[in-house]
1. Which distance in nm do the two modelled labels at T19 and E50 give, with both placed 7 Å along the Cα-to-Cβ direction?
2. For Q27 paired with H7, estimate the spin-label separation in nm (one decimal), with each label point 7 Å from Cα along the Cα-to-Cβ line.
3. To the nearest 20 Debye, how big is the dipole of the chain about its Cα centre, given +1 on the beta carbon of each Lys and Arg and -1 on that of each Asp and Glu?
4. Select one label from (i) 17.7, 67; (ii) 16.3, 51; (iii) 17.8, 61: the one whose number is Rg and Dmax of the Cα atoms in Å as derived from the coordinates shown.
5. Could you work out how far helix 11-26 tilts from the main Cα principal axis of the chain, as a 0 to 90 degree angle to the nearest 10?
6. Stretched out fully, how many nm does the piece from K38 to F112 gain, at 0.36 nm a residue minus the Cα gap?
7. Let me have the 222 nm mean residue ellipticity of the chain computed from DSSP H runs of 4+ only, each contributing -39500 (n - 2.57), with the sum over all residues rounded to the nearest 500.
8. Gain in length, H131 to D73, computed as 0.36 nm per residue apart minus the alpha-carbon separation, to one decimal in nm?
Amino acid sequence: MSQINIHRSSSEEAQTVRTNLIKFNAQFIAEDLQQNYKEINLHIKDENDEIAGGINSVFCWNWIEVDILWVDDRFRGRGYGSRMLQEIERIAREKQCTFIKLNTFSFQAPVFYRKHGFQEITRIDDAPRGHQHYYFIKYLE
C-alpha cells in the first residue's frame, strides 16, 4: 500500500472535498432535490454602513441549516435577530423546506430559539467545558 500523507487544506482544496461529497450524496437523493444546495447569507448594517449582525445558512435538499446568527452587542434586544430568523423561515417556506435546524451553546441563545418555536433535539454537556451544546429543529407546516 502506498504511503498516505495528510495535509491541511486550502480553501480551494476544502471546496473540492465539499463538491465531491455533494456529488456522492446526489446519487441517493431524489432527483428534484439534487440541485437544492445553496448558501443563504443575510446581514444588517448600522448607520455607518458597518455590519451589525448577520445570519449564515445553507439551503440543503429540503431544509435550511443555520450555521451562524450573530448580532452586535449594541443592537441586541431590538428584534434584529428575530427579524433575520423570520426572514430565513420565510425563505425556507418559499423553497418548500420541511424544517430548519441549527445549533447553539448555553452561553449563546437557547432561550431565544425556543421563543421562536425551535425544539431541542439533543444536548451535549460539557461542550465546551462547563457549558452545553444544543441542537434545535423547527418543523415547517
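The values are calculated or read from the model by the stated rules, or taken from the named source; none is laboratory data. Bear in mind that the values here come from a model prediction, so they are computed numbers and not experimental data. Glycine gets a Cβ as well: all are built from the backbone with ideal geometry, and neighbour counts include every protein chain shown. Quick note on the areas: whole protein, heavy atoms, side chains included, nothing else; ligands and nucleic acids left out. Shrake-Rupley method; radii C 1.70, N 1.55, O 1.52, S 1.80 Å.
1. 3.7
2. My value for the distance between the label points is 2.7 nm.
3. 320
4. Recomputing Rg and Dmax of the Cα atoms in Å here gives the entry labelled (iii).
5. The angle comes out at about 80 degrees.
6. Length difference between fully extended and current span is 24.1 nm.
7. Helix-only estimate at 222 nm: -8000 deg cm²/dmol.
8. Length difference between fully extended and current span is 18.8 nm.
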